[in-house]
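S.K.: Right, I'll just put the structure down here and ask away after.
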Protein chains: 2
Amino acid sequence: MSYLDRIRDCAVFDPVDYLPFRVAETRVGRIQKEFVGELGPYTGIFRISKDGVELADNLDTVERRTEAMDRVLRKLHKDGLVPGWRDETYPVTTSFRVPALLHMERAAVPLFGIQGYGVHVNGIIERGDGKSMWIGRRSLSKPTGPGKLDQIVAGGQPSGISLRENLVKECAEEAGIPAELAAGAVSVGAVSYLTERPEGLRHDELFTFDLRLPDDFTPVNTDGEVDDFYLWPMEKVMAVLKDTDEFKFNSALVIIDFLIRHGFIDAGHAEYVEIVDGLRI
Amino acid sequence: MSYLDRIRDCAVFDPVDYLPFRVAETRVGRIQKEFVGELGPYTGIFRISKDGVELADNLDTVERRTEAMDRVLRKLHKDGLVPGWRDETYPVTTSFRVPALLHMERAAVPLFGIQGYGVHVNGIIERGDGKSMWIGRRSLSKPTGPGKLDQIVAGGQPSGISLRENLVKECAEEAGIPAELAAGAVSVGAVSYLTERPEGLRHDELFTFDLRLPDDFTPVNTDGEVDDFYLWPMEKVMAVLKDTDEFKFNSALVIIDFLIRHGFIDAGHAEYVEIVDGLRI
């Protein structure tokens with residue numbers, strides 16, 4: 001197994017299986033043809049043709065679109081077609097910081113192939129003998145990637161809160177990291193991908209941060225989303241990443257980005273360019 | 001002015017102006033239509049159609065292709081159509097580490113839109129009051145970007161030498177950095193771009209390295225390619241980068257990548273995703 005296996009897990013997509021999803025004449029997502037059928041009954045809300053699915057023109061404000069979409073999604077959820085309701089909304093837009101065309105329930109975002117956003121934090125200990133990384137084991141009750149390995153802190157980016165505010169909130173909830181410590185997280189880039197997952201089509205931009213933690217810091221989960229934490233030397237992180245699929249698909253990408261930026265994967269690696277290319281869609 | 005101006009300088013390309021250049025049925029470059037006319041007389045070597053330019057089929061070994069291309073290029077150079085002969089060959093291939101289909105004179109690489117490779121080193125001083133970066137001023141005699149600002153060390157990647165060997169060689173020649181010090185350069189990623197320049201179409205993959213230098217180190221150029229060195233605090237590097245076009249087009253991209261990786265450009269920047277996207281084609 002290799003780093004490229006992890007990258008390939010984040011690039012499973014065949015456009016033939018999807019129709020574009022448009023709002024206000026702008027493509028904001030992709031819907032699997034099989035799921036398009038489920039939207040057929042909602043004739044006042046979706047206009048479906050062989051060229052794509054559009055939100056009806058008369059839904060011409062953010063509020064009307066958000067309300068109409070919410071109505072459909074609650075019905076689909078009741079019918080078992082939107083599993084894992086989060087009660088948290090994501091903005092639907094064409095790119096980050098562009099005002100939302102509507103807001104929709106997070107659990108349905110992959111079913112419409114809407115781009116999502118998240119913050120992922122690499123928690124690092126640096127001693128004389130090198131770097132170690134804090135790794136979280138996701139709770140078995142999580143709707144996505146239950147039991148998988150993850151960054152010490154990682155969370156989706158909901159509507160109405162800045163990246164840094166979200167980072168501080170997630171640091172506190174997921175790992176008991178106090179705000180003063182979380183403020184030291186260094187913004188180091190972003191990874192992006194477009195890939196099919198059990199929950200639908202994941203098209204995400206993950207903002208990545210490196211956070212150097214004190215040697216004596218021990219993370220404590222407070223929201224039930226992490227079952228365990230491990231402090232692993234980078235050699236172990238790399239071995240588990242390469243040789244197993246224990247890491248959640250997108251958390252693996254964030255670690256590969258860390259390995260590239262800190263020289264753990266050297267430019268001399270036979271697949272270096274392919275690996276770097278794989279970090280962004 | 002902004003970081004995105006620098007990124008736009010590395011993305012000037014309209015496919016309509018180019019024809020694909022193929023060797024052994026594989027596309028290895030792009031030739032500007034205007035320059036295709038200059039290849040017309042070499043009927044035994046190039047097959048030209050409206051779909052592209054191909055190296056003749058009977059040139060079926062690396063040696064034959066290299067020899068035929070060299071013959072054409074020397075003639076074109078004599079006619080003033082390949083300026084700035086370097087007497088250094090680049091491999092022509094489909095991607096890094098794939099065996100070369102032929103080797104050709106470096107000065108002609110942009111005229112055929114062949115992908116080039118390089119190593120760029122950020123020379124960093126880190127004191128209590130923050131990071132500073134060593135900046136080089138390119139010699140006025142350089143064929144590309146004369147007088148422009150650059151990394152402390154940067155060089156093209158010729159055939160037949162590893163990236164690390166090239167890095168050590170360039171460190172010595174360009175800045176008098178001893179091999180023991182150069183060995184401490186950390187591989188940190190790669191930037192890539194496809195853009196029109198006066199010398200032709202530049203399609204390059206630059207392998208980037210961060211090299212922390214001792215506080216008392218002073219670079220000394222030994223090959224006449226650098227006229228001056230400056231040690232600038234990052235704030236000054238950022239201001240010159242954003243507000244002027246003093247930096248060589250691709251060296252600017254390498255610094256923007258550094259600023260992203262080290263948190264000098266924060267994820268909260270209004271154009272963050274566009275900047276990150278601009279670092280790779």
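Just so it is clear, none of the values below were taken in a lab; they were calculated from the coordinates. All values derive from a computational prediction rather than experimental measurement. Because the Cβ atoms are built from the backbone with ideal geometry, glycine has one as well, and the counts that use them run over all protein chains shown.
S.K.: Return the ratio Rg/(2.2 N^0.38 Å) for the protein assembly as shown, where Rg is computed over Cα atoms only. Walk me through the numbers before you get to the answer.
M.R.: Details: Rg = 25.9 Å, N = 562, 2.2 N^0.38 = 24.4 Å.
Dividing the Cα radius of gyration by 2.2 N^0.38 Å gives 1.06.
S.K.: Given only helices, namely DSSP H runs of n ≥ 4 each adding -39500 (n - 2.57), what is the per-residue ellipticity at 222 nm of chain A, to the nearest 500 deg cm²/dmol?
M.R.: Details: 8 runs with 76 residues, N = 281.
Theoretical 222 nm ellipticity from helices: -8000 deg cm²/dmol.
S.K.: For the range A:252-281 and the range A:169-248, what is the separation of their Cα centres, given in Å?
M.R.: That distance is 17 Å.
S.K.: Then there's this: Can you give the relative contact order of the range B:76-165 as a percent, counting alpha carbon pairs under 8 Å and 6+ residues apart?
M.R.: Details: 125 pairs, mean separation 22.3, N = 90.
Dividing the mean separation by the residue count of the range B:76-165 yields 25 percent.
S.K.: Also, quick follow-up: Per residue of the range B:228-233, what does 6.51 cos²θ - 1.76 cosθ + 1.60 with θ = phi - 60° give for ³J(HN,Hα)? Whole Hz please, x for Gly and Pro, Karplus curve as stated.
M.R.: 7, 10, 10, 9, 10, x
S.K.: Restricting to bridges with both residues inside the range A:96-220, how much of the DSSP beta-bridge set is antiparallel, in percent to the nearest 5? Mind showing how you got there, number by number?
M.R.: Numbers: 23 of 33 bridges.
Percent antiparallel among DSSP bridges in the range A:96-220 is about 70.
S.K.: In the range A:182-263, with Lys and Arg counted as +1 and Asp and Glu as -1 at Cβ, which of these residues, A:Ser187, A:Gly200, A:Leu241, has the Cα nearest the positive end of the dipole, that is, farthest along it?
M.R.: With unit charges placed on the Cβ atoms, the residue in question is A:Ser187.
S.K.: When the dipole is taken about the Cα centre of the range A:63-217, and only Lys, Arg (+1) and Asp, Glu (-1) are charged at their Cβ, what size is it in debye, to the nearest 20?
M.R.: With Lys and Arg at +1 and Asp and Glu at -1, about 520 debye.
S.K.: State, to one decimal in nm and shortest first, how far the label point of B:Asp14 sits from each corresponding label point in the other identical copies (label point: 7 angstrom along Cα-to-Cβ).
M.R.: For B:Asp14, the other copies' label points sit at 3.8 nm, shortest first.
S.K.: Test of understanding: ordering B:Arg8, A:Arg138 by Cβ neighbours within 10 Å, fewest first, what list do you get? Could you put the intermediate results ahead of the total?
M.R.: Details: B:Arg8 12, A:Arg138 21.
Taking fewest neighbouring Cβ atoms as first place, the list is B:Arg8, A:Arg138.
S.K.: Of the listed pairs B:Lys78/B:Lys148; B:Lys131/B:Lys236; B:Lys75/B:Lys248; B:Lys169/B:Lys236, which have alpha-carbon separations greater than 18 Å here? Working shown, then result.
M.R.: On the way: B:Lys78/B:Lys148 28 Å; B:Lys131/B:Lys236 11 Å; B:Lys75/B:Lys248 30 Å; B:Lys169/B:Lys236 29 Å.
In this structure, B:Lys78/B:Lys148; B:Lys75/B:Lys248; B:Lys169/B:Lys236 lie more than 18 Å apart at Cα.
S.K.: Grab the eigenvalues of the alpha-carbon gyration tensor for the range B:44-170, scale each by 5, take roots, and send me the semi-axes largest first in whole angstrom.
M.R.: 35, 17, 12
S.K.: Would you work out if the range B:131-190 is rounded, prolate or oblate? Take a ≥ b ≥ c from the square roots of the eigenvalues of the alpha-carbon gyration tensor; rounded if a/c is under 1.5, else prolate when a/b is larger than b/c, oblate otherwise. Don't skip to the end; give the middle numbers.
M.R.: Details: a/c = 1.74, a/b = 1.27, b/c = 1.38.
Verdict is oblate for the range B:131-190.
S.K.: Over the range B:1-94, calculate the relative contact order: mean separation of alpha carbon pairs under 8 Å at least 6 apart, over the residue count, as a percent. Each step should come with its number before you reach the end.
M.R.: Working: 77 pairs, mean separation 20.2, N = 94.
Value for the range B:1-94: 21 percent.
S.K.: In peptide B:260-269, what is the residue-averaged number of other protein chain Cβ atoms found within 10 Å of each Cβ?
M.R.: Details: counts 5, 10, 6, 7, 2, 2, 6, 15, 6, 2.
That average works out to 6.
S.K.: Right, next: Say the dipole of the range A:195-281 comes from +1 at the beta carbon of Lys and Arg and -1 at that of Asp and Glu; which of A:Val273, A:Tyr230, A:Leu211 then lies farthest toward its positive end?
M.R.: It is A:Val273.
S.K.: Could you give each residue of the range A:94-107 its phi-based ³J(HN,Hα) in whole Hz, using Karplus coefficients 6.51, -1.76, 1.60 with θ = phi - 60°, and x for Gly or Pro?
M.R.: Each residue of the range A:94-107 in turn: 8, 7, 4, 6, 7, x, 5, 7, 6, 10, 9, 3, 3, 4 Hz.
S.K.: Within 10 Å of each Cβ in B:187-194, how many Cβ atoms from other chains are there, averaged over the peptide?
M.R.: Values: counts 11, 5, 12, 7, 1, 3, 0, 0.
Other-chain Cβ atoms within 10 Å of each residue's Cβ, averaged: 5.
S.K.: Run through the other copies and list how far each one's label point is from that of B:Glu235, in nm with one decimal, shortest first; the point sits 7 Å from Cα along Cα-Cβ.
M.R.: 4.3
S.K.: Another question about this same structure. I'd like the distance between the alpha-carbon centres of the range B:95-131 and the range A:1-57, rounded to an integer number of Å.
M.R.: So the two Cα centres are separated by 39 Å.
S.K.: Anyone know which of A:Val121, A:Val109, A:Val82 comes out most mobile in the 10 Å Cα GNM of chain A?
M.R.: Per the Cα network of chain A with a 10 Å cutoff, A:Val82 tops the list.
S.K.: With point charges of +1 on the Cβ of Lys and Arg and -1 on the Cβ of Asp and Glu, referenced to the Cα centre of chain B, which listed residue (B:Leu149, B:His103, B:Gly40) lies farthest in the positive direction of the dipole?
M.R.: B:Gly40
S.K.: Continuing with this model, one more query. Which whole-number percent gives the relative contact order of the range A:121-232, counting Cα pairs below 8 Å spaced six or more residues apart?
M.R.: Values: 201 pairs, mean separation 40.5, N = 112.
Reported as a whole number, the value is 36 percent.
S.K.: Separate question: Antiparallel DSSP bridges in the protein assembly as shown: what percent, to the nearest 5? Let's see the in-between values first.
M.R.: Details: 88 of 114 bridges.
Counting DSSP beta bridges with both partners in the protein assembly as shown, the antiparallel share is about 75 percent.
S.K.: Where the label is 7 Å out from Cα toward Cβ, how close does A:Gly80 come to the same position in every other copy, in nm, shortest first?
M.R.: 7.9
S.K.: Relative to the compact-globule scaling 2.2 N^0.38 Å, provide the ratio for the alpha-carbon radius of gyration of the range A:135-232. Spell out each step's value before the answer.
M.R.: Numbers: Rg = 13.7 Å, N = 98, 2.2 N^0.38 = 12.6 Å.
The reported ratio for this selection is 1.09.
S.K.: How large is ³J(HN,Hα) for each residue in the range A:204-212, as worked out from phi by the Karplus curve 6.51 cos²θ - 1.76 cosθ + 1.60 (θ = phi - 60°), to whole Hz, x for Gly and Pro?
M.R.: Using θ = phi - 60°, the values come out as 10, 10, 10, 7, 10, 9, 9, 10, 7 Hz.
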